[in-house]
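Only one structure is covered here, and it is reproduced in the block below.
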Amino acid sequence: MRYYGTITRWNDNRQFGAIREESMGTEVFAPLSAFTTLTRPPAEGQRVSFDIVKGRRGRDEAENICFSLDCVDEFDFFDTEPEPYKKTFSKLLLIIPIIALLAAGGWFGWDYWQKYQQQAQAAAAAPPKTMVEEVAAKIKAEREEWLDAVNNRKTQKQTKPDNGKAARNSSSKEAK
């Protein structure tokens with residue numbers, strides 16, 4: 001993978017320096033022998049592209065270093081580094097839908113809460129009506145009907161024997 005960075009330190013006498021890699025922010029050892037094109041001597045502040053490998057001492061070293069303007073690979077052509085404003089714009093494009101979703105969720109939540117509050121107020125204003133109360137009212141009505149029916153029979157039985165005795169007495173009087 002190709003990395004990009006800037007030469008942060010360079011020692012012309014010892015012919016090595018350090019490159020600060022842009023995406024991770026780490027410093028990588030850069031010997032003069034790792035440069036592939038030397039159209040000009042390396043200096044601090046120059047932008048370069050390079051590969052990172054493990055060196056003989058176990059630390060990260062730059063390899064295949066070339067100056068960004070001099071080195072155009074076929075991979076560099078397709079893998080261009082995004083400019084800072086493009087990174088910001090892409091982050092903004094991610095944030096806008098998230099904010100829109102949060103706003104929509106908040107609006108629907110507020111609307112649902114308002115409807116719930118209206119229903120709760122209407123329920124508080126109306127007398128509580130539950131299934132148990134409805135069933136109890138039906139049972140009470142049936143019981144009253146049954147008691148009325150039973151009481152009517154008792155009154156009819158009490159009056160019937162009188163009518164029956166009177167009828168018997170009248171029929172026996174007629175028969176005599």
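Values quoted throughout were computed directly from the atomic coordinates according to the rules given, and no laboratory measurement underlies them. Keep in mind that what you see is a predicted model, and the values were worked out from it rather than measured.
The figures follow:
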quantity: From phi via Karplus (6.51, -1.76, 1.60), per-residue ³J(HN,Hα) for the stretch 42-48 in Hz, x at Gly/Pro; calculated: x, 8, 5, x, 7, 8, 9
quantity: Length gained when the stretch Thr155-Trp107 is fully extended (0.36 nm per residue, less Cα-Cα span); calculated: 10.3 nm
